[in-house]
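Below you'll find the structure, written out as structure tokens, and then a few comments.
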Amino acid sequence: MRLLLAVCIAVWVVLGVFVLVDISKEFAFADIHRLEDSIVDATNRVRAEHGLPLLVKDVMLTENAKRYAIINASKGFISHNHEPLISRMPSNCISIGENLYQGRDSTGEGIVGAWMRSPAHRENILDGEWERIGVGVARTGSQIVAVQLFCR
């Protein structure tokens, strides 16, 4: 009887661990989507403060940014050169721009703030010719990798 009880408890513990791990993955996935949206929102707030038109979130740019964030995270360092930038440009774009981020900040305001302190990244965010935006985020250990794509 004790053996049966011990087996039942062990099964419940194992099932509980699997459920908790699965739930935590769902929360992490939701957090990434929230962070991506937060980066788009923070970018548009900065643009509005500078009298620039808001950017429209583009599905294809977003998918390309997500894929490239994962590539950068898997390499362990960020680079614009893991693959040609042109491969991240949807066919309906005339031109494209890109900002990359790797760090511990997990807020849209913080990541966009870091980009705004960098002249080249700031120039991309405040370029009045951009019409659309896509943002992708990946995690590598305790680091966040964010890719921001712009297009017109």
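Please go through region 105-152 and pick out each residue that is under 16 Å from GLU36 (Cα atoms) and in contact with a Cys (Cβ under 7 Å, 6 or more places away or on another chain). Steps first, answer last, please.
Looking only at region 105-152, we keep the residues that are under 16 Å from GLU36 (Cα atoms), and these are 105-115, 125, 132-140, 143-150.
The answer is ARG132, and nothing else.
Being touching a residue at least 12 places away in the same chain (Cβ under 8 Å) and part of a helix (DSSP H, G or I) is the filter; apply it to region 88-112 and report the residue that is most open to solvent (accessible area, probe 1.4 Å).
If we filter region 88-112 for residues that are touching a residue at least 12 places away in the same chain (Cβ under 8 Å), which is where we start, we get 88-90, 92-109, 111-112.
Checking the rest, the ones that are also part of a helix (DSSP H, G or I) come to 88, 108-109, 111-112.
Details: ARG88: 0, GLY108: 1, GLU109: 101, ILE111: 0, VAL112: 3 Å².
Going through the qualifying residues, I end up with GLU109.
Could you check region 62-87 and list, in sequence order, the residues that are in a helix (DSSP H, G or I), surrounded by 12 or more Cβ atoms within 10 Å (Cβ to Cβ) and in contact (Cβ under 8 Å) with a residue 40 or more places away in the chain?
Restricting attention to region 62-87, the residues satisfying the condition of being in a helix (DSSP H, G or I) are 62-75, 85-87.
Now restrict to residues that are surrounded by 12 or more Cβ atoms within 10 Å (Cβ to Cβ): 62-73, 75, 85.
THR62, GLU63, ASN64, ALA65, LYS66, ARG67, TYR68, ALA69, ILE70, ASN72, ALA73 - these are the residues of region 62-87 that are in a helix (DSSP H, G or I), surrounded by 12 or more Cβ atoms within 10 Å (Cβ to Cβ) and in contact (Cβ under 8 Å) with a residue 40 or more places away in the chain.
Could you list all residues from region 114-134 that are touching a residue at least 40 places away in the same chain (Cβ under 8 Å), open to solvent by 10 Å² or more (accessible area, probe 1.4 Å) and not in a loop (DSSP other than H, G, I, E, B)? Spell out how you get there, then give the answer.
Initial filter on region 114-134 (touching a residue at least 40 places away in the same chain (Cβ under 8 Å)): 116, 125-126, 128, 130-134.
Narrowing further to those that are open to solvent by 10 Å² or more (accessible area, probe 1.4 Å): 116, 126, 128, 130-132.
Scanning region 114-134 gives MET116, ARG132.
The values are calculated or read from the model by the stated rules, or taken from the named source; none is laboratory data. The model shown is predicted, which means the values in this text are computed figures rather than measured ones. Because the Cβ atoms are built from the backbone with ideal geometry, glycine has one as well, and the counts that use them run over all protein chains shown. Heads up: the accessible areas ignore ligands, DNA and RNA and are worked out on the full protein's heavy atoms, side chains in. Shrake-Rupley method; radii C 1.70, N 1.55, O 1.52, S 1.80 Å.
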